[in-house]
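Here's the structure, in structure tokens; my notes come after.
Every number here is computed from the coordinates shown, using simple stated rules; none is lab data. Computed from a prediction, not measured in an experiment: that's the story for all the values here. For neighbour counting, all protein chains shown are included, and Cβ atoms are generated from backbone atoms with ideal geometry for every residue, glycine included.
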Amino acid sequence: MEEKYLPLCGRHKHCQSYPLDAIIEMSKAVGREVQLENLLKGIIDKTAGLMDCDRCTVFVYDETTDELWSYVAIGIDSNEIRFPVGVGIAGDTALTRKKANIPDAYSDPRFNREFDARTGYRTRSILCCPMVNAEGRLIGVLEAINKYTGGLFDEDDEIMIECLAGYSAIAIERTLLTKKYVEYQKNQEIMGFAREIQMNMLPGDFSTISSHSNAEVYAFISPATDVGGDFYDYFFVRDNIICFVIGDVSGKGVPAALLMAVAKTLFSTIARDGASPGQILHRINQEISRANEMMMFVTMFTGILDTVSGVLTYCNGGHNSPYILRRDGTIEKLDAVSATAVGLMNNSVYEEARTTLTDGSTIFLYTDGVDEAKDESGRMFTVARLEDMLSGIAFNSLKDLAGKVLAGVAEFTAGAPQSDDIAILSIRLNGREIPLEVSN
């Protein structure tokens, strides 16, 4: 019989089959496991048995913090262990990507004796092996401690732990990817519900307030992410008196969406109580700035329009100045007053201004997702380009107006991803009663 077929430690018939048999045995034990904690326990149980060692630990690499962590270890009753890469024997193994076979732990300067001193356990020999995937990316470290025989880990043990570490890396990566996918699917579902809730907060049916009016209304909103911080609102506070707002919360995503919901709810409550535009922003500012440790803020423009006389009273809290589009094609910027954004300082003063709209005039309000839209080179659409577009623009309806503005922005950005939320709100005096047009 050739030497290569000699038994290995008496545990398997042929030494060449030993690593393969071990991998097969481990794969049967953990191959179908999708729960990370159970997987790590399975790896540890099988590794400890196959390596004939007293204790085994799997350290998983966290690339976001550059740390190794483990909450599973044979013979240890403790919470999660976490330490930086490069610290200790396992940390050095992760850093160098090289095996470490330590015959006497206490003679190695990298070894931390704190655990032994605290528990009374005596660490003697240690065998560590890095776990890497097929692309060479670090997954973690597999560690075996103290052979049952009292001897040292030999070359055969090194071959064995390399095999076990290779399979463990594949199993752990598969489980982590599965976990991320499941979490992603859950988050997508949650964000889908959140988006639906947020969109349903914005007015989309005017029939419950007034079925006819001499004002035409159209609104459009497009969050840059699943949920965003832009919002609008409009409603009649009494006959022929319409109150409206457009706002933009700093930031994006869930935090912005939560503050948007607060600001939108406060506006609706305060405005329906009969407050003027300046009083509305003052009271909202008081509420938001009261507990605002994150220093988030909201830019808001609000107005109250008498659709019979055309008198518009408005107040601007740090928002983009809207425009009045006259019937003759000229535009007027509503920039007579402007104050700080809502929520920054509790002593901010919000002044009001007035102007008069004639029949056929349109108020065009927007958020900075329009003028700050960027092309692939990072150039912005700009307010100047928006004003050029609005000057003399011909449109059949307010929906047509918004569509032409959005088409101009899309042409400028030329396929670049939307960088910020976009909202547009327009109100036009028609001088006659027509059904209100509303769309999300």
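Using the Kirkwood radius over Cα pairs, work out the Stokes-Einstein diffusion coefficient for the range 241-316 at 10 °C and 1.306 mPa s, in µm²/s as a whole number.
On the way: Rh = 12.9 Å.
D, rounded to a whole number, is 123 µm²/s.
Taking only the Cα atoms of the chain, how large is their convex hull per residue, in Å³?
Numbers: hull volume 89.5 nm³, N = 440.
It comes to 203 Å³ per residue, whole-number rounded.
Contour minus end-to-end for GLN279 and ALA410, with contour as 0.36 nm per residue of separation and end-to-end as the Cα-Cα distance?
Once the chain is fully extended between GLN279 and ALA410, it gains 43.4 nm.
Within the chain, which complete DSSP H helices have Cα atoms spanning at least 27 Å along the helix axis and a mean Kyte-Doolittle hydropathy of -1.0 or higher?
Span-like helices here: 155-201, 253-272.
What chymotrypsin sites (Phe, Trp or Tyr not before Pro) in the range 119-161 are in a loop by DSSP, with at most 13 other Cβ atoms within 10 Å of the Cβ?
TYR148
Which of LYS46/LYS99; LYS41/LYS99; LYS179/LYS252; LYS46/LYS180; LYS264/LYS333; LYS147/LYS180 have a Cα-Cα distance over 28 Å? Don't skip to the answer; put the middle values down first.
Numbers: LYS46/LYS99 19 Å; LYS41/LYS99 22 Å; LYS179/LYS252 26 Å; LYS46/LYS180 26 Å; LYS264/LYS333 25 Å; LYS147/LYS180 36 Å.
Where the Cα-Cα span goes over 28 Å, the pairs concerned are LYS147/LYS180.
Hey, rough spin-label estimate for ILE81 and ARG379, points 7 angstrom out along Cα→Cβ, what's it come to in nanometres?
Output for this residue pair reads 5.9 nm.
Sort VAL342, VAL227 so the one with the fewest other Cβ atoms within 10 Å of its own Cβ comes first.
VAL227, VAL342
Which value, in debye to the nearest 20, describes the size of the charge dipole of the chain about its Cα centre when Lys and Arg Cβ atoms bear +1, Asp and Glu Cβ atoms bear -1, and nothing else is charged?
The dipole of the chain has a size of about 420 debye.
How long is the gain from ARG327 to THR265 if the chain were fully straight, where each residue apart is worth 0.36 nm and the alpha carbon distance is subtracted? Before the final figure, lay out the partial values.
Details: separation 62, 0.36 × 62 = 22.32 nm, distance 3.41 nm.
Full extension from ARG327 to THR265 adds 18.9 nm.
Hey, if you put +1 on the Cβ of every Lys and Arg and -1 on every Asp and Glu Cβ in the chain, which of SER426, TYR323, PHE153 ends up farthest toward the positive end of that dipole?
After comparing all options, I get PHE153.
Counting Lys +1, Arg +1, Asp -1, Glu -1, what net charge surrounds THR355 among other residues with beta carbon under 12 Å of its beta carbon?
-1
Which log10 I(q)/I(0) values does the range 80-155 give at q = 0.21 Å⁻¹ under the Debye formula, counting every alpha carbon as one identical point scatterer?
-0.98
Could you tell me how many cubic angstrom of Cα convex hull volume the range 192-434 has per residue?
In the range 192-434, the Cα hull volume divided by residue count equals 120 Å³.
If each DSSP helix of 4+ residues adds -39,500 (n - 2.57) and the sum is divided by the residues in the chain, what number results at 222 nm, nearest 500 deg cm²/dmol? Please report the intermediate quantities before stating the final value.
Working: 10 runs with 154 residues, N = 440.
Value at 222 nm, helices only: -11500 deg cm²/dmol.
Do you know the relative contact order of the chain, to the nearest whole percent, from alpha carbon pairs under 8 angstrom that are 6+ apart?
The value is 13 percent.
At each listed q (0.20, 0.22, 0.25 Å⁻¹), what is the log10 of I(q)/I(0) that the Debye formula gives for the range 340-428 modelled as equal alpha-carbon point scatterers?
-1.01, -1.10, -1.24
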